[in-house]
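Below: the structure, in structure tokens.
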Amino acid sequence: MARFTLPRDLYHGKGTLETLKTLDGKRAMICVGGGSMKRFGFLDRAVSYLKEAGMEVEIFDGIESDPSVETVMRGAEAMIKFQPDWIVAMGGGSPIDAAKAMWIKYEYPETTFEDMCKVFGLPKLRKKAHFCAIPSTSGTATEVTAFSIITDYHKGIKYPIADFEITPDVAIVDPDLAETMPKKLVAHTGMDAMTHAIEAYVSTANCAYTDPLAIFAITMIQKDLVDSYNGDMEKRDNMHNAQCLAGMAFSNALLGIVHSMAHKTGAVFEDQGAHIIHGAANAMYLPKVIAFNAKDPVAAERYAAIADFMHLGGSSVAEKIQLLIAYLRKMNDELNIPHCIKHYGKDGLPAEEGFVPEHIFLERLPEIAKNAIADACTGSNPRQPSQEEMEKLLKCCYYDTEVDF
Ligand SMILES: NC(=O)c1ccc[n+]([C@@H]2O[C@H](COP(=O)([O-])OP(=O)(O)OC[C@H]3O[C@@H](n4cnc5c(N)ncnc54)[C@H](O)[C@@H]3O)[C@@H](O)[C@H]2O)c1
Ligand SMILES: [Zn+2]
């Protein structure tokens with residue numbers, strides 16, 4: 001049996017933040033990040049709309065980027081005290097993901113973080129609260145997905161929580177919120193969305209319901225991301241929808257090893273000052289993983305189909321895949337994203353000397369490869385890598401060398 005799950009209601013278009021007025025409840029807890037939502041006035045507007053809906057409102061703020069297990073536990077405690085019947089999470093993927101995990105702990109206070117990480121193993125939620133998600137970045141699509149990514153900083157590992165129970169009830173996709181993003185965030189979140197769509201399309205769990213969403217998102221991102229990065233606000237608005245469509249696809253078709261590798265390299269070099277931003281990691285690894293996965297004939301056909309939908313030309317499957325890889329690398333250049341970890345510098349920009357020294361990378365490589373293979377996203381990848389292959393693949397992502405195995 002296959003299942004396809006999305007939020008019950010999705011409001012989209014400029015000004016739809018106002019639909020918060022229509023939520024029915026007594027107490028809403030708004031979860032936000034470090035301050036951008038307040039700075040640009042969206043938080044105050046959300047509070048006033050919810051009050052207009054007759055609700056008492058409390059704010060849980062300061063959720064950091066790549067939220068920690070500790071933050072999740074603190075937020076859940078605040079929820080247990082306030083007893084909201086609506087959780088309204090607003091901001092980038094980080095605060096929304098954290099709020100999803102808080103929601104689980106709020107509904108089931110005995111649950112441990114380990115329990116949460118059992119893939120598709122959550123108990124029924126919505127006994128205490130419903131969940132509304134309002135994204136302000138155009139990438140993670142967590143407003144429509146069954147995922148939440150929480151980082152265990154003691155282990156330096158990001159863990160995906162995956163269950164349709166945490167697919168939000170209401171998503172508000174209002175492009176006004178995305179217009180304040182700085183360029184770097186547009187680039188990284190946009191390539192995250194591109195990776196979601198491509199991984200969903202070649203995933204072993206793809207189906208007739210997810211394919212059209214993935215393909216349409218890919219062509220939209222191809223058309224709009226670079227212009228959005230360069231300041232075209234109409235394209236910025238389109239990207240907000242494109243990333244959401246990609247999310248609908250991957251929430252139901254799952255992902256692949258680009259994400260496994262991004263999850264396991266993101267926080268592991270923190271001590272070197274190198275937090276590898278999720279979207280940048282995906283952008284660097286995607287072309288390498290395509291070359292690796294394309295050894296699987298079914299995946300190869302699918303990558304070639306993507307190239308056709310993007311009108312990249314080419315006459316054979318192999319040539320089309322090469323053109324797709326070249327196109328994605330060109331996008332990285334246009335978005336100022338490095339091609340490999342070796343050149344991953346400050347703010348995720350290309351640098352001659354990146355943050356991660358070669359000897360540190362090589363020392364940690366076996367462990368990173370082992371963790372990446374064990375990541376929840378590996379199961380739906382079209383080609384299952386061995387430990388040796390994963391180490392080789394990660395080396396290609398470090399040195400930007402060709403994948404020929
Ligand atoms: N749940 C999922 O399905 C899923 C999918 C992919 C990634 N993720 C996770 O999401 C996280 C990344 O989320 P993200 O890329 O949205 O970034 P983020 O939420 O970490 O935010 C990054 C920064 O951008 C700022 N910001 C957010 N919106 C802004 C706006 N409109 N204007 C100005 N500044 C703004 C934030 O304050 C923050 O400083 C990672 O932890 C990643 O692993 C989750
Ligand atoms: Zn992602």
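Descriptive notes on the structure:
- Taking every Cα-Cα distance in the range 3-148 and sorting them into 10 Å bins from zero, the calculated P(r) comes out as 12, 45, 36, 7, 0 percent.
- Taking a straight line from the alpha carbon of K295, these aspartates and glutamates sit under 13 Å away, with near neighbours fewer than eight places off in the same chain left out: E389, D404.
- An oblate overall shape is assigned to the range 292-403, the ratio a/c of its alpha-carbon gyration tensor axes (a ≥ b ≥ c) being 1.5 or greater and a/b not exceeding b/c.
- Secondary structure note: in the chain, about 25% of the DSSP beta bridges are antiparallel.
- Taking a Cβ cut-off of under 14 Å around T167, the surrounding Lys, Arg, Asp and Glu residues balance to a net charge of -1, with basic ones at +1 and acidic ones at -1.
- Diffusion coefficient, µm² s⁻¹, Stokes-Einstein with Kirkwood Rh over alpha-carbon pairs of the range 281-329 at 10 °C and 1.306 mPa s: 151 µm²/s
- In terms of its alpha-carbon gyration tensor, the range 169-286 comes out oblate; a/c meets the 1.5 threshold, while b/c is at least as large as a/b.
- Under the combined filter of DSSP loop state and at most 16 neighbouring Cβ atoms within 10 Å, the range 138-243 retains these chymotrypsin sites (Phe, Trp or Tyr not before Pro): Y153, Y209.
- C-alpha center-to-center spacing [the range 137-152, the range 189-238] in angstrom: 15 Å
- Using a cut-off of 28 Å between Cα atoms, the listed pairs K235/K370; K346/K395; K223/K395; K223/K370; K51/K183; K158/K183 include K235/K370; K223/K395; K223/K370; K51/K183 as exceeding that distance.
- Relative contact order of the range 182-399: 24 percent, from C-alpha pairs under 8 Å at least 6 residues apart in sequence.
- Mean separation of Cα contacts under 8 Å, 6 or more apart, over the residue count of the chain: relative contact order %: 14 percent
- The range 324-340 and the range 60-99 have Cα centres lying 34 Å from one another.
- At most 13 other Cβ within 10 Å, DSSP loop - GluC sites (Glu not before Pro), the range 340-400: E352, E353
- In terms of its alpha-carbon gyration tensor, the range 182-399 comes out oblate; a/c meets the 1.5 threshold, while b/c is at least as large as a/b.
- When T145, T210, T180 are sorted by how many other C-beta atoms sit within 10 angstrom of their C-beta, beginning with the fewest, the order is T180, T210, T145.
- In plain terms, the C-alpha convex hull of the chain casts an average shadow of 17.9 nm² when viewed from every direction.
- Dipole magnitude (debye, nearest 20) for the chain, charges at Cβ of Lys, Arg, Asp, Glu: 560 debye
Where a number appears in this text, it was derived from the coordinates with a stated rule and is not lab data. Being a predicted model, the structure only gives us computed values, none of them experimental. When we count neighbours, we look across all protein chains shown, and the Cβ atoms used for this are built from the backbone with ideal geometry, even at glycine.
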